[in-house]
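What follows is a set of notes on a single structure, which appears directly below.
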Amino acid sequence: MSLDTVLQIGKTIQKSKDGWKFHRFLKPIEEDIKIYQRKKDATGSTIHTVVYQLPVIGSVLSGFTFDFENIQVLQDESKIKSLLYLNYKTSDKDAEKKYLFGDIVYSGYKDKDGKIAENGNYRLQLEGAKKPSSFVRCKSEAADLEDTIIGKFRKSFEDNIEHIEGILRSHSAVAIHFLFEEGKTWIELENVESLLKQKLLDSFIVSAQPNGTSVYALTKTLIKTIKPPIWDKEAKKFNPPDGVGGVTPGFDNQTAYKLRAFSSPDDVWDLMFAIDFAERPMISLGTIGIIALPKGQNLNPDNLIGFLKKSKDVTTEDEQEKILEIQNIASNSGNDFDDLFKPYIENSFDESVQFDIIFIRPKAGSSPAVDMIELSSIKKSHLRKVHEVIAQVRRSLLDEFNQLLPHTKYKPNLSIKDSLSKIIAYEGKAAAKKTHFHLLKVLPQIYLDAYYDDPILLPAFVDRTQYNIRNEGQFFYNQFRFHFLFLMNIQKNKPLMEINNSRSYALGKFLGTMAKPFAAWRDDCPIKSFEKNYVGNLTRRIAYVEDLVKFSNFLNEKLAIHEKFYKDQQEASRQLAQELKNLSNTKYNKHECALGFFESYFERLETKVEANQDNN
């Protein structure tokens, strides 16, 4: 991932009046409240959060006093939405929940297993537990802030800790907003930003002067692609991260930190405002996440935050998948956006803005996110042109579909993800992973306008068609085939034209015409099991030329026995025999043959079925 892009995003976000909302260690209270609402306690009751506003009187000079007599429940939704809390950490993997300063959000209740579930930025000392409360856990960290505004607040907090923690204990979920004089929040107090900045930077960076130049390096992991070297305080040197050079080819372990050096502590501070965006996928595809980081001269805080917040609107993979499905269905009613392009095109950026597009394996549990592929500096104008070609293919195929099947209620959702998922895999998690893996292979090519050929599609389409025939009660091939046509026609080499002109395809067409009298939809079909047993296993019947000849002879025999040797079947049988004579110097392809078979065997069958249904 381009670190320069991430740093510029962080620098731009800080200029916004809402910039603090996106800091790595500051979180909106509202988000926690929404999470608690989805939880239930041991009795099955929903967890509701009470938000208190507690006035704080005083200053650094006089000290602070909590005005408990005027504490009140905060009802103002807009005010609650603006509240932030500090999720203080001394490293990115610090799970101690140390309370340093600021508003508190806490939930503590018995879950369905009878265990106390605690969440938020505060932890109480539970009965019988050895671990102290979050306030006590942070005492050593706050020792050097004793004479500051943070230290003065903590002194008053400690004097009233029983009262404050009593409020926390009295609710399943509660937030305490400390309202300072002149209506200021904790983050708006004088010197708080500079104190917090210094405290966090001291926890994460160390300075050094290799070759006489001052640089700053991370001492702890802060972002996945900048895994830091280990600073040896006694030896005053950097030791390698985890004993290996990691993602620094060409650099030995002792000099690997140079790739992670910052010219100023402010760079690391900028980074803290952009980390969440740099690690949160804009598009989620199960085992693949796609991060989009915009860059350019014309970015401003408002359009940048508006764009990046889209990645925050969906919190789970299931929700993301449902939204993509809804968007795709809506796209069939006139919106041409493919959801894998929509974030890059439907935004307020001008056409010169570029994107760094990173394909990642999202973090799961304790496993960190892993970058797999990165496309750098892809212009919005380029992506728009690529998408317009895809959209034109889609429009053309939908027009063809409407002409072919004008009475069909359900139109195919021709989008890259949906079409691939219908063709590549069958069912279950393994199938989904197979689709995601193929997306990881071809989507970078599509974005770069380099999707020339995809040899896996034809065999996958043939296999999936056979699977559907065997397992579906009534399979509508002429709807399903449009997913295949869509994916084939967005390839730059247009491989479908070559396939359709091949001898193997022609053989399949003749064979499919011969088999038409045995189609399952026909009332006069003499062999009802033919379609599932033979068409559903077609590639086994035509694996080699010898097998194709046997299957042809079988069809000729059955057509004669059941008196179905109509004019079309006779002509197809004759042409098939002629083509087989000329096949000696031509390479045979069973998948091309199968495609030809399906195209003639299912030709306009749905139209006839619809007509019969309308007549009934």
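The values are calculated or read from the model by the stated rules, or taken from the named source; none is laboratory data. Computed from a predicted model, the values in this text were never measured in an experiment. A quick note on method: Cβ atoms are made from the backbone with ideal geometry, for glycine too, and the neighbour counts reach across all protein chains shown. Protein only, heavy atoms only, side chains kept; ligands, DNA and RNA dropped before computing areas. Shrake-Rupley method; radii C 1.70, N 1.55, O 1.52, S 1.80 Å.
Worth pointing out:
- Zone residues, region 277-300, relative to SER352, backbone N less than 17 Å from point 7 Å out along Cα-to-Cβ: 294-300
- For the chain, share of DSSP beta bridges that run antiparallel, in % to the nearest 5: 85
- Solvent-free Debye calculation, one equal scatterer per alpha-carbon of region 167-211: log10 I(q)/I(0) at 0.20 Å⁻¹ equals -0.82.
- Kirkwood hydrodynamic radius computed over the chain comes to 29.2 Å, based on all pairs of distinct alpha carbons.
- Size of charge dipole - region 54-185 - debye, nearest 20, with Cβ of Lys, Arg +1 and Asp, Glu -1, no other charges: 540
- A protection proxy built from the mean count of other Cβ atoms within 10 Å ranks the segments 68-77, 84-93, most packed first, as 84-93, 68-77.
- Spin-label model distance (nm) - ASP41 vs LYS17, 7 Å beyond Cα toward Cβ: 3.9
- Isotropic mean projected area of the C-alpha convex hull, region 139-198 (nm²): 5.0
- Computed over region 502-550, Kirkwood Rh from alpha-carbon pairs, angstrom: 11.5
- Simple rule: put +1 on each Lys or Arg Cβ and -1 on each Asp or Glu Cβ in the chain, find the dipole, and look at LEU397, VAL6, SER352; the Cα lying farthest toward the positive end is LEU397.
- For ILE373, nonlocal amide neighbours, meaning residues 5 or more places apart or on other chains whose placed amide H falls under 5 Å from its own, are PHE359.
- When the residues GLU579, GLU127, GLU571 are ordered by accessible surface, computed with a 1.4 Å probe over the protein chains alone, the sequence from largest down reads GLU127, GLU571, GLU579.
- Computed with a 1.4 Å probe over protein heavy atoms only, the accessible surface of the chain comes to 49 Å² per residue.
- Computed over region 94-207: relative contact order in percent, which uses C-alpha pairs under 8 Å that are six or more apart: 29
- Once the Cα atoms are used to define both axes, helix 457-471 deviates from the longest principal axis of the chain by about 80 degrees.
- Based on alpha-carbon atoms, the Kirkwood radius and the radius of gyration of region 422-487 give Rg/Rh equal to 1.00.
- Quarter of Cα convex hull surface for region 36-133, i.e. mean projection, nm²: 9.2
- Extension gain for the segment ASN402 to ILE57, taken as residue separation times 0.36 nm less the Cα-Cα distance, is 117.1 nm to one decimal.
- Overall, the accessible surface of the chain at a probe of 1.4 angstrom is composed of carbon and sulfur to the extent of 48 percent.
- Placing R0 at 51 angstrom, the Cβ-Cβ distance between ALA543 and ASP4 gives a FRET efficiency of 0.40 after rounding to 0.05.
- Positive-pole candidate from GLY296, ALA175, LEU458, dipole of the chain, charges at beta carbon: LEU458
- Every helix of 4 or more DSSP H residues in the chain counts as -39500 (n - 2.57), and over all residues that averages to -13500 deg cm²/dmol at 222 nm.
- This model, with +1 at the C-beta of Lys and Arg and -1 at the C-beta of Asp and Glu, gives region 1-63 a dipole about its Cα centre of some 100 debye.
- Across all C-alpha atoms in region 50-90, the radius of gyration and Dmax reach 13.1, 35 Å.
- Whether region 544-587 is rounded, prolate or oblate, judged on the alpha carbon gyration tensor where a/c under 1.5 counts as rounded: oblate
- Percentage relative contact order, the chain, counting C-alpha pairs under 8 Å, at least six apart: 11
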